[in-house]
1. Filter the range 146-171 down to the residues that are small (Gly, Ala, Ser) and modelled with pLDDT of 75 or more and list them by number.
2. Would you pick out the residues in the range 68-91 that are without any contact (Cβ under 8 Å) to a residue 40 or more places away in the chain, under 19 Å from Trp371 (Cβ atoms) and loosely packed, with under 14 Cβ neighbours inside 10 Å?
3. Does the range 446-458 include one or more residues that are surrounded by 21 or more Cβ atoms within 10 Å (Cβ to Cβ), hydrophobic (A, V, I, L, M, F, W, C) and over 14 Å from the mean Cα position of the chain (by Cα)?
4. Please go through the range 227-251 and give me each residue that is surrounded by 21 or more Cβ atoms within 10 Å (Cβ to Cβ), under 14 Å from the mean Cα position of the chain (by Cα) and part of a helix (DSSP H, G or I), ordered by number.
5. Kindly indicate the residue of the range 170-187 that is touching a Leu at 6+ places or on another chain (Cβ under 6 Å) and part of a helix (DSSP H, G or I) and also farthest from Ile447 (Cα to Cα) among those meeting that condition.
6. Looking at the range 175-183, is at least one residue among the polar types (S, T, N, Q) and either farther than 30 Å from Gly356 by Cα or within 18 Å of the chain's Cα centre (by Cα) (or both)?
7. In the range 57-72, what count of residues is obtained for those that are in contact with a Ser or Thr (Cβ under 9 Å, 6 or more places away or on another chain) and farther than 18 Å from Pro426 by Cα?
Amino acid sequence: MQKSNHLSFSILFIGILILSCVLASISSTGDSALVRAIWPAMVALLITLIAHQATLGLFFGSLTGVIFLTNGNIFHAVVHLTEKHFFPAFSGTWHIGAILFTLILGAFALVIEKSGGFETLANKLLGKKQSDPQRSLEATTAGLGLLCFFDGLANSLLLGRISKPLADKLSVPRARLAYIVDSTSSSVACIAFISTWIATQLSLIEQAIQPYTQVTDSAYQLFFKSIPNNFYCLFTLIFLALVIFRKWNIGPMKRAKATHPVGAPRDKKLTSSDSSSPIKVALSPIFILSVAILTLFYTWETATLFPITSTKLKDAFSGDAGPYALTIGALIGLFAACAFFPKGKRAELPETVKSGVSSMLQPVLLLILAWTFGSVISELGTGKWVASALGTHFPVHYLPAAIFVTGAAMSLVTGSSWGTMALLMPIAIPAYLDLAGNEIGLLPAAISAVFSGAVFGDHCSPFSDTTIVAAFACGVTPQEHVITQLPYALIAAGTALILGFMTIAHGLSPILAVVAGAVFLAVLTFTASRHFTSTR
């Protein structure tokens, strides 16, 4: 059966390459420019969907792109891809810094997880007398998710492992726990200025804006400006807090059953378990990591530390410090995590660091192929073609909303948030900049629309890595997790589209759009939860 699948995939890949060569030989000019512009992206999306491998999709998307650039000559295409796009992806401070930062922070995340400090913190918080222990468990899980901002997968795995036995003890359905864990992890990692996501996000932004002189902000400045516009992630977190507070179960979540360990008493009291790891082994390295990166950003661009001024802060985040500050700061954080690692577990430390680094090799490969694909798409001029096709028929202020819907659909069918960002960013941002000209006030919104769409699919796709990890860490199947989480994600996505991206298109500020969305979600939650009682 497996050999049959491999054979089918091989035939599919060969067929796509042959078809690409044929199309490339007849589509260099005229009306066929449409095929030249969008075929590589379609191939990347199709293969990602069929093979469930974003790296494979990006590779074949890049290869078919250079086939068009070399007029169908497959040998010249391989040479062109290697010399002009793949190897250059390893050059430049942003790219090298992103690779190093991602690998180092992968090790940092696993060292923090293995230290046991978060488990101690959870037990201490939950060991106090609680009037509503179920709500306290859910709120504590979400709070720890906010604190574990540095990696989405580590967040899901760590919190699922910690909270599952407590959820069973308190009759909290594991499906509801998985919703809390999953909704927190990716949303926080996407908007955190220090995470395993940030290097990818910044490098994709940097690559997309590089040819456009009208963009004066740095990649980091644009990222910070995109945070208030990242409506799906923000509304997901706001909605999660409201759902926990009101104990609201929607649709399939009402039918989710609690799991009780065999022979365990079904009491609803929390007792803290003993842990040999102090809380500081987790919190101190996170604090040191954050302070180190911020300090390096500030001091890299200024000769004097004091006085701290707004001008110096602006210069710090608009300069070239990004890759250096992130990489060195991550190293300092890793050293701190190793220094605080419990003495009784020190023998595990070398293997933990090694495993943490190796766990990020696949994301790094995806990142490199994302840069390669973006470079090919840029040479093909896909963004310019999209802008030209839209022309005056599509108002530019609605483009962020369109990008969000497109990204949500792509990530839903592919199951890859990083793959969606890699596919969409090099097309959507150049298209927006070409269409907007010098009126680029909604550029942060266009960037955040890519992120928001990517995270929506990350939450709802049964193929998503964080969906699968959150499900298994909490003890439910990915199918049950997707079905029970989907109504919550759709409400957050609908609010993001209508009260977020559509309202800023009509001139409302992002902050007011967030307030409006939060008010709507609060009214919805309080009204609906009053009429539909929880089955728990």
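1. Within the range 146-171, Ser156, Gly160, Ser163, Ala167, Ser171 qualify.
2. Within the range 68-91, Val79, Thr82, Glu83, Phe87, Ser91 meet the criteria.
3. Yes - at least one qualifying residue is present in the range 446-458.
4. Selection gives Phe231, Tyr232, Cys233, Leu234, Thr236.
5. By that ranking, first place goes to Val181.
6. Scanning the range 175-183, I find at least one residue that is among the polar types (S, T, N, Q) and either farther than 30 Å from Gly356 by Cα or within 18 Å of the chain's Cα centre (by Cα) (or both), so the answer is yes.
7. Summing the residues that are in contact with a Ser or Thr (Cβ under 9 Å, 6 or more places away or on another chain) and farther than 18 Å from Pro426 by Cα in the range 57-72 gives 3.
Yes or no, residue by residue, for (1) within 22 Å of the chain's Cα centre (by Cα); (2) under 30 Å from Ile293 (Cβ atoms):
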| site | (1), (2) |
| --- | --- |
| Val66 | no, no |
| Thr70 | no, no |
| Val79 | no, no |
| His85 | no, no |
| Ile96 | yes, yes |
| Phe108 | yes, yes |
| Ser136 | no, no |
| Thr140 | no, yes |
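The values are calculated or read from the model by the stated rules, or taken from the named source; none is laboratory data. Please read all numbers here as calculations on a predicted model, not as lab measurements. We place every Cβ from the backbone using ideal geometry, glycine too, and count neighbours over all the protein chains shown.
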